[in-house]
Amino acid sequence: MPPNNSDNLRSRNLALFKRTSEHLYQRLMEVEESSSAEENAPPAEDRIRKISRLTGYLADIARLDTYTFQFLKTAREQARDEGIAFFETPRTAESYVLVILGVGDGTELLSLVDRTKPHFVVIVESNISAMWRTINGFDWQSLFQALHEQKAKVQFLFESEADAISASLWRIIRRFNPCCADGLTVAAIDYPELTPKILNNLHDEAFLIGANLGFFYDELLMLSNTYRNFTGKRRHIFRRQPDIDPGLPAFVVGSGPSLDWALPAIRQHAENAVIISAGSALRPLLKGD
């Protein structure tokens, strides 16, 4: 007897996940196609329970670290001087990042991608039985093809607790592209109990997406200075002399959060110590002289 359409669809979906998401494929293979799998799956939904947008998270920039705060403050002032306005709400339904809570029966996934035209999609589904149900009734290849045409990437998240989901989402988005977190779209197909908590967490923790981005500047400056030091005509390489006691302590100063309260002590002992500036600490040291 030839295989039916459901068998063909399941085979194609499993082959797709084996190529694109080995972890998901292995989890699906552990699920036996049985009545128990269907019973454990949440009720199939062909509708979206809730769509929410996160916007304007940079409004509370006072919660950021000092250097990121100053960078964003300066950027806003320059934009204002040049007549560049920032919209308080999204102007279109398009969203760089799309988060989907639950897969339902799969029928809404394509419409969400078509509506938001995302560049990055995170699908949250902790119930592997729900995923198993979709491989028998939803053509995942059509979704992957639509994402491929938009040059978008997709990632699956298998957390089940609201706090873990929101924390993982921010880590994923920060790693992928933190600049595009503003306007994030969250579509809840399932998880009606967890959705309010997840949305509250994402809103309350949004400032973390931009926190400490100033470290990137520190790294660039450090590499630039190192290159100049090694290629310059006046370069000096200090080699350790273990038998020589200089008789002075050395302060190796980095540009961390503790530098502000450490400056008075550094200033007090500056005449009796060797002060070594590391990274981007030179400017605050000179200003604090």
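Residues of the range 143-164 that are closer than 14 Å to V103 by Cβ and in contact with a Lys or Arg (Cβ under 8 Å, 6 or more places away or on another chain): F158 alone.
Rundown of residues vs (1) farther than 21 Å from L24 by Cα; (2) surrounded by fewer than 18 Cβ atoms within 10 Å (Cβ to Cβ); (3) in contact with a strand residue (DSSP E or B) (Cβ under 8 Å, 6 or more places away or on another chain); (4) not hydrophobic (A, V, I, L, M, F, W, C), yes/no style:
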| position | (1), (2), (3), (4) |
| --- | --- |
| G106 | no, no, no, yes |
| K117 | yes, yes, no, yes |
| W132 | no, no, no, no |
| D139 | no, yes, no, yes |
| K151 | yes, yes, no, yes |
| E193 | yes, yes, no, yes |
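List, please: which pairs have Cβ atoms under 8 Å, are six or more places apart or on different chains, and start with a residue in the range 104-117 that is touching a residue at least 12 places away in the same chain (Cβ under 8 Å) and end with one that is surrounded by fewer than 16 Cβ atoms within 10 Å (Cβ to Cβ) and acidic (D, E)? From the range 104-117, the pairs are G104/D46; D105/D46; T107/D46; E108/D46; T116/E94; K117/E94. In the range 109-128, is there at least one residue being over 25 Å from the mean Cα position of the chain (by Cα) and over 15 Å from L16 (Cβ atoms)? No - not one qualifying residue is present in the range 109-128. Being out of contact with any strand residue (DSSP E or B) (no Cβ under 9 Å at 6 or more places or on another chain) and among the aliphatic types (A, V, I, L, M) is the filter; apply it to the range 119-130 and report the residue that is farthest from L9 (Cα to Cα). For the range 119-130, the residue satisfying everything is I128. Might you check whether a residue that is closer than 30 Å to T20 by Cβ and not hydrophobic (A, V, I, L, M, F, W, C) occurs anywhere in the range 198-213? Yes.
Condition first: at pLDDT 90 or above and closer than 18 Å to A206 by Cα. Can you find one or more residues in the range 73-95 that meet it? Yes. Annotation: D182 fulfils all but one of (1) outside any helix (DSSP H, G or I); (2) modelled with pLDDT of 90 or more; the unmet one is (2). Would you pick out the residues in the range 120-163 that are basic (K, R) and either at pLDDT 90 or above or touching a Phe, Trp or Tyr at 6+ places or on another chain (Cβ under 9 Å) (or both)? Selection gives K151, K153. State all residues of the range 163-183 that are within 9 Å of the chain's Cα centre (by Cα), surrounded by fewer than 20 Cβ atoms within 10 Å (Cβ to Cβ) and among the aliphatic types (A, V, I, L, M); if no residue qualifies, say none. Scanning the range 163-183 gives a single hit, I172.
Hey, any hits in the range 254-271 for a residue that's of a type in the set (V, I, T), over 30 Å from A130 (Cα atoms) and surrounded by fewer than 13 Cβ atoms within 10 Å (Cβ to Cβ)? Within the range 254-271, not a single residue is of a type in the set (V, I, T), over 30 Å from A130 (Cα atoms) and surrounded by fewer than 13 Cβ atoms within 10 Å (Cβ to Cβ).
The number of residues in the range 1-46 being of a type in the set (D, E), in a helix (DSSP H, G or I) and either modelled with pLDDT under 85 or surrounded by fewer than 10 Cβ atoms within 10 Å (Cβ to Cβ) (or both) comes to 3. Of the residues screened, I209 is not one that is exposed (fewer than 12 other Cβ atoms within 10 Å of the Cβ) and either in contact with a strand residue (DSSP E or B) (Cβ under 7 Å, 6 or more places away or on another chain) or not charged (D, E, K, R) (or both).
The values are calculated or read from the model by the stated rules, or taken from the named source; none is laboratory data. Source: prediction; values computed, not measured. We place every Cβ from the backbone using ideal geometry, glycine too, and count neighbours over all the protein chains shown.
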